[in-house]
Every structure is written in structure tokens, then in C-alpha cells.
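Undergrad: I have a structure here, written as C-alpha cells, and I will follow up with some questions on it.
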Amino acid sequence: MSKKNKALIIVGGTGGHVLPGINLASHLRLKNFDVEIITDKRGLKYFSQNDNFKKFVLPSSPFIKKNFIEFLRSTLLILFSILRSFIFLIFNRPSIIFGMGGYAFFSICLSARLLKIKTIIYENNLVIGKTNKYLMPFVENILVADKNIEGIPDKYSKKIYEVGNIINKEIIDHTNKADVKKDERLNVLVLGGSQAAKIFAEILPNIFRECKIKNIRLKIYQHCLFNQNEQLISFYKNNNIEFEIFNFTYNILDYFTKVNFAITRSGSSVLAELTNANIPFVSVPLPSSADNHQLENAKYYKKKFNTFLLEEKDLKNKLFTLIKEIYSNDSLLKNIIYNQRQHSDKNVYNNINEVLKKVIDEKN
């Protein structure tokens, strides 16, 4: 791989697609790849203005069948996207394409198949995503975070490589030295992501107020949407709750160093990051996640690392009791941290290098 190869990374419109794509792109640049990222309009908000990645925005859509007009509109948009992808690949022919999931990958993958460009799927959830499921026949390899993934037929088993979670290298190398309960206080990180920040901001503050009334000492570090800042700041100040509010950040590790417990959605990337950083958490699956994959992620981490799991419908009735139990029993968090320390994704990038070497060498 001494010569400069070109890599194309396709990401969808959620952080679960984009952030692993950005981590992979950063790694490939260090490996002397010329990297370009394709996303849709939704995904652009996850990129820093200073990241220096070449980006191309590709219109994309799922098949929408609720009525004829929507079906026609989505079909035409998909056909246009395939045509646009085909033209793009002709003029920007990459050595390798990585699909991280999302509708934009559908058009690129089909076009790449016609042009005989090597294409690889990466799936970090424990249930194969819908787009990735349809595209399995057309790709060279299927990289997975964990071999226990569901939804991949046996006939594609030879394509599967377990590589680990493609998360930020700094998080993989980070060692959490925070006390389990520093100064008799739980420092709680609330991570909502784009699809949960709203509901967490509506439900969790009242639970934290109940903790305050019951003399459970907390400091809250809460991710929220920008339009929720004023509401949350006012609430926490009025109830004399220690807090720090933040919106989307690229420096989540700054918060990992301050906390000893987290409340989070159950996307695979964030659960992997918290695990590698040795931060115990309660995961709250997004009820509307495709194929209920967030619930499967949460169940897996609960079984393997003994983390906590609460469904969204149970937050109001059960979260206070859980926090109270954690606050009064340090061993609950210590047990999770011990289990988390038995795991690391530090080999993920070496594993990817091995797959790349095989695919690029075969191509050449």
C-alpha cells in the first residue's frame, strides 16, 4: 500500500453512521489514502468546519409506500441518486468503498457493482441494518463489530470479518481514573443524541430533582438540543442542582474524564465508547429504532458487562430507584467497571488494515 489509494466512505444521516465514518476516514488518511466522504443533508451537521475532509452530498430516500404520490417521489429520487452515483464514480473512481449504513449507500453500492469497484459494508449494531441487509450480495466483505450479529444469512458467512467497534482512538486509549463516587457524589453524563435529547430533557430533570430532595448528591452533565438550553439551565438553577449543559460536541472525551456514570441511548457506537472508557451506564433504547436494534444492543451489553437497561416507558417509574440503589451501593458500579476493563477495541484498526491489505492486493 505504498502508493496513494483513494477511499470513499458512505455515511447515513445519523451520528451512529457518521461518527464511525469520520473515525475510519481519519485512520485511512494516516495510511496514505486519499479519502472522500459521501453523506446526505442530514449527516452534514456532524462534521466539523475544520475537519478538512472532502465531502459530497448525495440526495437519498427510503422507499415510501404510504401513498402513491410519496412512493413515486421516493422512487424517482432513488433512481436519480443511482444515476448521480454512477456519474460520480466514473469521474472519481476509488480503490475501495466503505458503506457505514444509510440510504445513500444503496445508490453508491449498486453503481459500484456495475463498475466493478470493491465495496465493503461496516455494521456496528447487533442487528444488520436494512440497507446493509439488501446490499450483502453485492459487496466483497461485511465488517462487523461483534460476531454475534443477527440477520446475516449463513450463505454470506465467508464475507464476515469481526473487526470491533470503529471508535475514536483517543477513547480507546483512555483510562478512566475517576473515582466510582467522588466526594460522595454521582457525576452523571446524559447522552441523548439527536433522537433522544428532547425526551431526556423532558423526563430526566424531574427525576434528578427527586434525587436532590432525597439527599442524593448529583452533578449533571447533559447533552441537549440548542433550543432546550434555556429551559434546562433555568430548571437546574431553580432546584439548586449542579449541572453543565452542552450541545453536540466533537470532544466527548472531555466529559468522559469528569463522570462516573452515564444515562444514554443504545446506539452501538456510544455504548462501545462508554465501555472502552470504563464508564458504567444505564442504556435506554430508542423505541422506534429499526428492527428494534437498540434494544438488542442494550441486552447484549447488559448480559456481557452487567450494565443497566431501562426501556423508555419505565424511566419515570424506575430510574429514581436505580439511581438510589447505585448511590447507596458502590459495588454495583465497581462490578461493571471490572467487566468493562476486560474488553478493548484497540485492535480494530489493525484488523481493518488486514482486510484492506487483502482487498487492495487482490485488486492490484
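The numbers here are math on the coordinates, done by the rules we state, and not lab data. Note that the structure is a prediction, hence the values are computed from the model and not measured. We place every Cβ from the backbone using ideal geometry, glycine too, and count neighbours over all the protein chains shown.
Undergrad: To the nearest 20 Debye, how big is the dipole of region 83-240 about its Cα centre, given +1 on the beta carbon of each Lys and Arg and -1 on that of each Asp and Glu?
TA: The calculation lands at about 200 debye.
Undergrad: With just the Cα atoms of region 35-156, tell me how far they stretch along each of the three principal axes, in Å, largest first.
TA: 41, 36, 30
Undergrad: Taking the Cβ-Cβ separation of K358 and K304 as r and a Förster radius of 41 Å, what is the calculated FRET efficiency to the nearest 0.05?
TA: 0.90
Undergrad: Along region 127-140, what does the Karplus equation 6.51 cos²θ - 1.76 cosθ + 1.60 (θ = phi - 60°) give for ³J(HN,Hα), rounded to whole Hz, x for Gly and Pro?
TA: The phi angles translate into 10, 4, x, 4, 4, 4, 4, 5, 9, 3, x, 9, 10, 6 Hz.
Undergrad: Among K258, K198, K214, determine the one that fluctuates most according to a GNM of the chain built with springs between C-alpha atoms less than 10 Å apart.
TA: Top of the fluctuation ranking is K214.
Undergrad: Rank the residues H27, H343, H293 as a footprinting-exposure proxy: fewest other Cβ atoms within 10 Å of their Cβ go first.
TA: H343, H27, H293
Undergrad: Still on this structure, I have one more. Suppose each label sits 7 Å from its Cα in the direction of the beta carbon; what would the Y338-D291 distance come out to in nanometres?
TA: It works out to 3.5 nm between the two label points.
Undergrad: Enumerate the amide H contacts of E244 below 5 Å, restricted to partners 5 or more residues apart or on another chain; note that Pro and chain-start residues carry no placed amide H.
TA: Those lying under 5 Å, H to H, from E244 are I220, Y221, Q222.
Undergrad: I need the phi-derived Karplus couplings for region 107-122: 6.51 cos²θ - 1.76 cosθ + 1.60, θ = phi - 60°, integer Hz, Gly and Pro marked x.
TA: 5, 5, 5, 5, 5, 5, 4, 5, 8, 6, 9, 4, 10, 10, 8, 10
Undergrad: Give, rounded to the nearest 20 debye, the magnitude of the charge dipole that the chain has about its Cα centre when Lys and Arg contribute +1 at Cβ and Asp and Glu contribute -1 at Cβ.
TA: Approximately 600 debye in magnitude.
Undergrad: Please state, to two decimals, what the Cα-based radius of gyration of the chain comes to when divided by 2.2 N^0.38 Å (N = residues).
TA: 1.03
Undergrad: Scattering from the C-alpha atoms of region 241-348 alone, worked out with Debye: what is log10 I(q)/I(0) at q = 0.10, 0.11, 0.19, 0.20 1/Å?
TA: Once normalised to I(0) and log-transformed, intensities are -0.29, -0.35, -1.09, -1.20.
Undergrad: On a 20 Å Cα-Cα criterion, which of the cross-link pairs K130/K159; K41/K299; K147/K346; K133/K159; K258/K303 come out too long?
TA: K41/K299; K258/K303
Undergrad: For a quick check, take a GNM of the chain with Cα springs below 10 Å and name the residue from Y103, Y221, Y338 with the largest mean-square fluctuation.
TA: Y338
Undergrad: Still on this model: Can you give the Rg to Rh ratio of region 172-340, both from alpha-carbon atoms, with Rh computed by the Kirkwood formula?
TA: 0.92
Undergrad: Sequence gap at least 6, Cα distance under 8 Å: using those rules, report the relative contact order of the chain to the nearest whole percent.
TA: Here the relative contact order equals 14 percent.
Undergrad: A follow-up question, please. Mean separation of Cα pairs under 8 Å and 6+ residues apart, divided by the residue count of region 172-340: what relative contact order is that in percent?
TA: 25 percent
Undergrad: Among the aspartates and glutamates, which fall within straight-line cross-link reach of K358, defined as a Cα-Cα distance under 17 Å, with same-chain neighbours fewer than 8 residues apart omitted?
TA: E140, E162
Undergrad: Can you tell me the convex hull volume per residue for region 87-217, based on C-alpha atoms, in Å³ to the nearest whole number?
TA: Normalising the Cα hull of region 87-217 by residue number yields 167 Å³.
Undergrad: Subtracting the Cα-Cα distance from 0.36 nm times the residue separation, let me have the gained length for N92 to F71 in nm, one decimal.
TA: Result: 4.5 nm gained on full extension.
Undergrad: In the Gaussian network model of the chain, springs joining C-alpha atoms below 10 Å, which of P59, P285, P20 carries the largest mean-square fluctuation?
TA: Comparing P59, P285, P20 in the GNM, the peak value goes to P59.
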